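Here the structure comes first, spelled out in structure tokens, and everything after it is commentary.
The values are calculated or read from the model by the stated rules, or taken from the named source; none is laboratory data. Small disclaimer: the values here were computed from a predicted structure and weren't measured. Using ideal geometry, Cβ is built from the backbone for each residue, glycine included, and neighbour counts are taken over all protein chains shown. We work out accessible area using only protein heavy atoms, side chains counted, and drop any ligands, DNA or RNA first. Shrake-Rupley method; radii C 1.70, N 1.55, O 1.52, S 1.80 Å.
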Amino acid sequence: MLNTIDQIFIKAKQIILDILSPFLPEWMMILISIFIVIVTLCVFGPVVMMYLTLLERKFIGRMQNRYGPNRCGIFGLLQPLSDGIKMFTKEDIVPQKADPFAHFLGPITVIIPSLLVFSVIPFGRNMIPSDLSIGILFFFAVASTSTLWIFTAAWGSRNKFSLLGGMRAVAQMVSYEIPMLLSIVPALLVVGSFSTVAIVNAQEGLQWFVFTPWGLVGFILFFLTGVAEVNRCPFDLPEGESEIIAGFHTEYSGMKFALFYMAEYMNAFSVSALVTTVYLGGWQGPILPSWLWFFAKTFVLISIMMWFRGTFPRMRVDQLMGFAWRGLLPLAFINLLAAALWVHLSFPLNDILSFCILTVSVLMIYVANRKVAPKKRIYKYAYE
Amino acid sequence: MNCPYLQNMDQQSTLDTQRLEVSLGPQHPSTHGVFQMDVVLDGEQVIRLKPVMGYLHRNHEKLMENMSWLACMPYTDRLDYFCALANNFSYALAVEKLAGIEVPERAQYLRVIMAELTRLINHIVLVGFLLNDLGAFFTPVLYAFREREKLLDLFEDVTGSRMMCNYFRFGGVKRDVPPDFILRVREIVNQFPKFLDELEELLTHNEILLSRCQNVGILPKALAVNAGITGPVLRASGIPYDIRKIDKYSIYGRFKFRVPVGEAGDVYDRYYVRILEMRESLQILEQAINEIPDGEVISKAGAQAAKMPRTLKVPKGDAYGRTEAPKGELGFYLVSDGSGKPYRYHVRAPSFINLTVLEDMCIGQKVADVIIILGSIDIVLGEVDR
């Protein structure tokens with residue numbers, strides 16, 4: 001029974017294929033098998049995005065002492081649809097002086113990497129669209145291209161706020177790419193494979209990597225850089241609405257704007273999914289179906305991102321860079337070293353040693369950066 | 001272009017870069033109204049800034065010259081629309097000085113209570129919006145609005161209006177407060193510090209807030225004095241100048257309160273001085289509600305003038321009435337030629353004058369800092385442009 005629920009999506013696909021197989025040639029069947037997966041993903045991405053917006057609005061609403069959307073359907077469940085209809089019917093405005101080609105290209109191409117990265121994420125046991133042997137590498141290679149399209153959109157808008165936002169986006173995403181990649185290398189080192197399926201299989205039972213010293217540090221590093229990589233608060237400088245209006249998508253309206261929005265939420269989802277896969281054991285977990293575990297973990301991470309958004313002020317651009325280069329990057333290197341030692345040594349010694357190394361280095365990085373950190377002040381009163 | 005920073009940049013720069021001229025505003029989410037800043041940027045760094053005002057100019061001062069003295073009162077609400085009662089106070093003081101009208105005891109207390117409640121509203125909303133400028137997604141501002149709502153409900157019950165109160169009259173206030181007023185103020189006095197504690201716990205030592213605000217937008221003492229800066233902005237720069245202490249206008253001489261003073265004069269000091277000021281305002285409120293006497297709320301002459309505004313004859317001469325409004329020294333300079341209208345009516349608007357040092361504070365800072373510096377000055381465009 002449990003196994004059936006666990007494999008329900010695989011079964012569903014198999015049933016469709018079984019129905020079609022008497023009528024179609026074998027090569028067609030292979031194509032259809034692929035096609036089913038692609039269609040599922042292309043539907044799944046936007047639907048997840050739509051309901052993530054609702055979830056975020058509800059979540060932040062509650063955090064801000066209000067209800068959030070509750071007029072469309074029960075609990076506002078139809079709100080995303082009404083937003084979608086509104087977006088489709090809005091006028092598409094292209095500024096007179098904008099580069100029409102780049103302006104058009106930006107939002108359309110920015111959505112492609114966000115959809116493509118879903119193909120290497122294992123959503124459950126046997127539920128991976130395509131198990132590439134270089135899955136992780138594929139994820140980063142594809143995801144990092146979105147920087148280019150964001151800059152294309154910013155440049156094509158010919159708006160100064162867009163340009164500032166685009167420059168910030170490039171600087172930020174390039175800077176955070178490095179600690180992000182380095183923070184995932186320890187896991188690859190331990191598993192010995194780039195395949196996401198192999199990584200999840202290596203965390204059988206409750207041996208999630210996050211429970212090891214290097215895994216914990218790697219998880220925090222990867223999650224923080226991930227938040228920065230998808231431009232979410234407190235690293236949402238490229239679209240910092242209080243400074244540069246809407247950053248790179250200032251000049252976009254209607255569906256083009258919706259595409260940026262969609263890309264942003266889908267990226268948030270896919271990064272959370274990858275963090276889950278690499279450090280939180282992916283779909284591994286007791287009793288419940290594997291895909292439920294996967295989505296539960298992913299949504300916990302997304303909720304943390306929303307919590308950040310509801311509570312944190314934004315960082316400044318130089319502090320953001322300083323955080324990446326002075327804090328995250330050295331720690332990522334040390335974490336790599338600690339993971340290597342952990343693999344090399346045997347049980348009690350490896351945990352203790354890597355724990356010590358990481359504790360000392362975290363403290364050292366903290367102390368080294370303390371010079372630039374702010375101080376508490378004591379205020380005087382006149383006319384006492 | 002005689003700023004030293006710029007010259008250094010020219011010497012050091014080997015790259016062929018262009019400066020970017022951006023006009024922040026008049027349509028911009030964080031300019032607190034229709035205000036424009038023409039900013040010259042070098043990358044993210046501000047090298048020049050020109051404030052452009054006047055989008056909201058509505059001929060306030062000239063308009064008043066055609067109004068009877070009392071008819072000006074509701075218009076003063078619209079100056080700084082967050083603190084209508086503080087504006088009323090200042091204008092009433094000026095006219096009373098000119099016409100020599102006495103104010104009964106109870107009215108004095110009511111005026112002080114109203115002015116201090118207004119200060120709470122202004123500062124709490126300012127802190128909320130400052131955090132909004134810092135990029136916190138509306139959370140602090142909505143909690144600030146929750147508290148403001150309670151005070152506005154109180155204003156509505158007393159004055160009949162939530163924001164445009166028009167409550168002060170020459171020689172007193174429009175009407176007496178409802179019977180449960182003192183109780184409700186006491187409730188606010190009791191629960192507001194808890195809210196402030198909660199706010200401070202979350203904000204004051206927040207790492208991001210500290211690193212964003214400290215040593216940003218420093219206003220040196222000398223410049224602050226020379227530019228005529230007043231209010232919390234001046235006090236944050238380290239000068240204990242508070243008109244409530246210096247003039248002791250109305251009955252402020254009777255209350256025990258302290259004036260918090262900053263050190264560095266940066267955004268963080270301006271934020272924190274306001275928090276401390278709210279705590280002092282609560283002290284004043286507590287003393288005021290304990291001591292408030294019964295009696296008339298408007299003097300004979302005042303009641304006469306309120307009933308028949310055109311009968312109010314103000315003798316020839318001029319007068320300057322000033323109060324410590326939440327944003328700084330709010331003064332009304334009035335000249336009377338003996339007729340029923342002001343001959344000249346001038347507003348010394350604190351946010352307008354505090355805005356003049358914006359460029360000095362912003363040069364060399366990042367774009368993001370400009371927004372929070374502007375936010376920390378605390379401007380209201382209704383008052384800046386008049």
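A few remarks follow.
- Every condition in (1) over 29 Å from the mean Cα position of the chain (by Cα); (2) on the phi < 0 side of the Ramachandran plot; (3) surrounded by 13 or more Cβ atoms within 10 Å (Cβ to Cβ); (4) among the hydroxyl-bearing types (S, T, Y) holds for A:Y383 except the one numbered (2).
- Which numbered condition A:F323 fails, given (1) within 14 Å of another protein chain (Cβ to nearest Cβ); (2) exposed (fewer than 14 other Cβ atoms within 10 Å of the Cβ); (3) more than 30 Å from B:R258 (Cβ to Cβ): (2)
- Residue within the stretch B:163-170 that is within 14 Å of chain A (Cβ to nearest Cβ), in contact with a helix residue (DSSP H, G or I) (Cβ under 6 Å, 6 or more places away or on another chain) and of a type outside the set (G, A, S) present: no
- Of the residues in the stretch B:142-154, none is within 11 Å of chain A (Cβ to nearest Cβ), more than 30 Å from B:P74 (Cα to Cα) and surrounded by fewer than 21 Cβ atoms within 10 Å (Cβ to Cβ).
- Of all residues in the stretch A:236-253, those satisfying the criterion of being more than 10 Å from chain B (Cβ to nearest Cβ) and in a helix (DSSP H, G or I) are A:P238, A:E239, A:G247, A:F248, A:H249.
- The listed residues are A:R309, A:R316, and the only one of them that is touching a strand residue (DSSP E or B) at 6+ places or on another chain (Cβ under 7 Å) and either basic (K, R) or free of Cβ contacts under 8 Å to residues at least 24 places away in the same chain (or both) turns out to be A:R316.
- Test: A:L41 is in a helix (DSSP H, G or I) and either of a type outside the set (V, I, T) or modelled with pLDDT of 85 or more (or both): yes
Here is a yes/no grid of residues against (1) within 14 Å of another protein chain (Cβ to nearest Cβ); (2) without any contact (Cβ under 8 Å) to a residue 40 or more places away in the chain; (3) over 30 Å from A:L292 (Cα atoms); (4) surrounded by 21 or more Cβ atoms within 10 Å (Cβ to Cβ):
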| site | (1), (2), (3), (4) |
| --- | --- |
| A:F140 | no, no, no, no |
| A:L148 | no, yes, yes, no |
| A:F151 | no, no, yes, yes |
| A:W155 | yes, no, yes, no |
| A:K160 | yes, yes, yes, no |
| A:G165 | yes, no, yes, yes |
| A:R168 | yes, no, yes, yes |
| A:E177 | no, no, no, no |
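- Some residue of the stretch A:305-316 being under 30 Å from A:I357 (Cα atoms), modelled with pLDDT of 85 or more and among the polar types (S, T, N, Q): no
- When restricted to residues that are more than 30 Å from A:A171 (Cα to Cα) and of a type in the set (D, E, K, R), the stretch A:324-363 contains 1.
- Qualifying residue in the stretch B:309-321 (condition: over 21 Å from B:S90 (Cα atoms), surrounded by fewer than 22 Cβ atoms within 10 Å (Cβ to Cβ) and not basic (K, R)): yes
- Residues (touching a Cys at 6+ places or on another chain (Cβ under 9 Å) and closer than 15 Å to B:M163 by Cα) located in the stretch B:90-121: B:M114, B:A115, B:T118, B:R119, B:I121
Residue-by-condition table, conditions (1) within 14 Å of another protein chain (Cβ to nearest Cβ); (2) more than 30 Å from B:D269 (Cα to Cα); (3) not hydroxyl-bearing (S, T, Y):
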{"position": "A:I334", "(1), (2), (3)": "no, yes, yes"}
{"position": "A:A340", "(1), (2), (3)": "no, yes, yes"}
{"position": "A:F347", "(1), (2), (3)": "no, yes, yes"}
{"position": "A:L358", "(1), (2), (3)": "no, yes, yes"}
{"position": "A:A368", "(1), (2), (3)": "no, no, yes"}
{"position": "A:I378", "(1), (2), (3)": "yes, no, yes"}
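- Residue in the stretch A:308-320 that is farthest from the other protein chains (Cβ to nearest Cβ), counting only those that are assigned to a helix (DSSP H, G or I) and aliphatic (A, V, I, L, M): A:L320
- Among the criteria (1) touching a His at 6+ places or on another chain (Cβ under 9 Å); (2) open to solvent by 50 Å² or more (accessible area, probe 1.4 Å), the one B:P240 does not fulfil is (1).
- Residue match in the stretch A:46-62 (condition: within 14 Å of chain B (Cβ to nearest Cβ) and either in contact with a strand residue (DSSP E or B) (Cβ under 7 Å, 6 or more places away or on another chain) or of a type in the set (A, V, I, L, M, F, W, C) (or both)): yes
- Subset of the stretch A:26-66 [open to solvent by less than 60 Å² (accessible area, probe 1.4 Å) and without any contact (Cβ under 8 Å) to a residue 24 or more places away in the chain]: A:M29, A:I32, A:S33, A:I36, A:K58, A:G61
Here's the yes/no breakdown for (1) touching a residue at least 40 places away in the same chain (Cβ under 8 Å); (2) under 21 Å from B:E383 (Cβ atoms):
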site: B:L276; (1), (2): no, no
site: B:S281; (1), (2): yes, yes
site: B:E286; (1), (2): yes, no
site: B:Q304; (1), (2): no, no
site: B:D318; (1), (2): yes, no
site: B:K327; (1), (2): yes, yes
site: B:T356; (1), (2): yes, yes
site: B:E359; (1), (2): yes, yes
site: B:K366; (1), (2): yes, no
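- Failed item, numbered, when B:G172 is tested on (1) open to solvent by 10 Å² or more (accessible area, probe 1.4 Å); (2) small (G, A, S); (3) closer than 18 Å to B:E296 by Cα: (1)
- Among all residues of the stretch A:291-302, there is none that is in contact (Cβ under 8 Å) with a residue 40 or more places away in the chain, surrounded by fewer than 22 Cβ atoms within 10 Å (Cβ to Cβ) and under 28 Å from B:I372 (Cβ atoms).
- Filter result for B:I353 (assigned to a helix (DSSP H, G or I), more than 14 Å from chain A (Cβ to nearest Cβ) and among the hydrophobic types (A, V, I, L, M, F, W, C)): yes
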